[in-house]
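See structure below.
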Amino acid sequence: MDKIKIGIVGTGFISDFHFNGFKKNPNAEVVGITRDYYGDDKSIQKQKNNLLKKSEEFNIKLFENFEEMISSNLIDALVIASINPLHYNQIKLAIDFNKPVLVEKPLLTNLDELEKIQELCNEKNFKLFPGHNFVYRKSVQLAKKVIEEGNLGEIIHSSFVSTHTIPEEHAFGWRSKKSLSFGGALMDSGHHLVYQSLFLLGKPKKIHGFVSNKVLHNMDGEDLAQISMVYPDNSIAFLMQSWTTNHSGILNGINIMGTDGSLSITDGLYFNGKKIDNDFDYKNSFVNQANAFTDFILF
């Protein structure tokens, strides 16, 4: 069987993780890269230089723009890792050309876009795969199994916490501008917490959120966000994403408490205080995600 030929859209740091994630994949290979441009002439030239650098570093074909890549017979499927507001039109074009896509979080920037894309995917039987790499860590998969097998009893309370600083290039780059990011810390890093909470606990019946701009005052959006959630079984959870400090100590991670036991996901998976899995590697989550994406296409 011929390998699925993958094109990467975007040249940010995350493109490296996607490229390396497919290296060990027996069913696919990355063969091309492209990006779209934004900003002033100086910014656009920098982006073009970065595209050339990435194509040479990866030793893959450079496509001048998304339209050239999506229409090429050299490309079977795509990884969309462009800035947030570009996702909608890029997904629509991929649907037109019937080329499956793995789309970085956030998948889209608003509910109207989501409803339209859902409708198109259902109508065309199109394969769209959200880039929720953290759920492909073995520790998270095993945690779900622990919960589903009833080992925690009735779930009482859960917390999903991630607090850290971000590089200056991110704090002052496109993520700081709402016109390009469509949000702040919650829309960006906080997405990982949101989809992991959905994966492990399902949908809440009630939510209440707070956002604040505490430290990174140059940002249009929040650098600190908290969500409180109540679930259909009346268990309670909170989710907190912060870009304000590295002094988080033991707060970071996922903690779920039940009537019969508890689990924590930090540097691995702990069940009732005993470490039962070590696989929490960020890089490896992209390998597992790439495998899941190709399986999604093939099967």
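Here are the numbers for the structure shown:
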quantity	calculated
Neighbours by Cβ (under 8 Å, 6+ apart or cross-chain): first from the range 219-236, within 22 Å of SER189 (Cα to Cα) and outside any strand (DSSP E or B); second of a type in the set (Phe, Trp, Tyr) and modelled with pLDDT of 95 or more	ASP223/TRP243
Checking LEU108 against (1) buried (at least 20 other Cβ atoms within 10 Å of the Cβ); (2) in contact (Cβ under 8 Å) with a residue 60 or more places away in the chain, the condition it does not meet	(2)
Failed item in (1) farther than 23 Å from LYS205 by Cα; (2) over 20 Å from the mean Cα position of the chain (by Cα); (3) free of Cβ contacts under 8 Å to residues at least 60 places away in the same chain, with LEU269 passing the rest	(3)
Residue in the range 193-206 that is more than 30 Å from TYR37 (Cα to Cα), touching a Gly at 6+ places or on another chain (Cβ under 9 Å) and not assigned by TED's automatic domain parsing to the domain that holds ASN84 present	no
Neighbours by Cβ (under 9 Å, 6+ apart or cross-chain): first from the range 43-56, under 15 Å from ILE8 (Cα atoms); second assigned to a helix (DSSP H, G or I)	LYS54/SER15; LYS54/ASP16; LYS54/PHE19
Options ILE33, ILE8; residue that is buried (at least 20 other Cβ atoms within 10 Å of the Cβ) and closer than 21 Å to TYR282 by Cα	ILE8
Any hit, the range 31-38, residues being out of contact with any Gly (no Cβ under 9 Å at 6 or more places or on another chain) and at pLDDT 95 or above	no
Number of positions in the range 84-137 that are closer than 23 Å to SER71 by Cβ and hydroxyl-bearing (Ser, Thr, Tyr)	1
Residue under evaluation PHE160, criteria (1) among the aromatic types (Phe, Trp, Tyr); (2) in a helix (DSSP H, G or I); (3) more than 18 Å from ASN110 (Cα to Cα), criterion not met	(2)
Any chance ASP279 is touching a residue at least 24 places away in the same chain (Cβ under 8 Å) and within 21 Å of the chain's Cα centre (by Cα)	yes
Test set (1) part of a loop (DSSP other than H, G, I, E, B); (2) free of Cβ contacts under 8 Å to residues at least 60 places away in the same chain; (3) closer than 23 Å to GLN289 by Cβ - SER82 fails condition number	(2)
Matching residues, the range 71-115, being more than 15 Å from the chain's Cα centre (by Cα), over 17 Å from ASP36 (Cα atoms) and among the charged types (D, E, K, R)	ASP76, ASP96, LYS99, ASP112, GLU113, GLU115
Test: residue in the range 30-52 that is part of a loop (DSSP other than H, G, I, E, B) and over 30 Å from PHE172 (Cβ atoms)	no
Members of the range 111-143 that are out of contact with any Asp or Glu (no Cβ under 9 Å at 6 or more places or on another chain), in a loop (DSSP other than H, G, I, E, B) and surrounded by 14 or more Cβ atoms within 10 Å (Cβ to Cβ)	PHE126, LYS127, HIS132
The range 217-229, residues that are surrounded by fewer than 19 Cβ atoms within 10 Å (Cβ to Cβ) and touching a helix residue (DSSP H, G or I) at 6+ places or on another chain (Cβ under 9 Å)	ASN218, ASP220
THR294 of a type in the set (Ser, Thr, Tyr), over 23 Å from PRO204 (Cβ atoms) and not assigned by TED's automatic domain parsing to the domain that holds SER159	yes
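Residue-by-condition table, conditions (1) surrounded by fewer than 17 Cβ atoms within 10 Å (Cβ to Cβ); (2) not charged (D, E, K, R):
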residue: GLU148; (1), (2): yes, no
residue: HIS157; (1), (2): yes, yes
residue: SER179; (1), (2): yes, yes
residue: ASP188; (1), (2): no, no
residue: LEU193; (1), (2): no, yes
residue: LYS205; (1), (2): yes, no
residue: VAL215; (1), (2): yes, yes
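The values are calculated or read from the model by the stated rules, or taken from the named source; none is laboratory data. Since the model is a prediction, treat every value here as computed from it, not as a measurement. We place every Cβ from the backbone using ideal geometry, glycine too, and count neighbours over all the protein chains shown.
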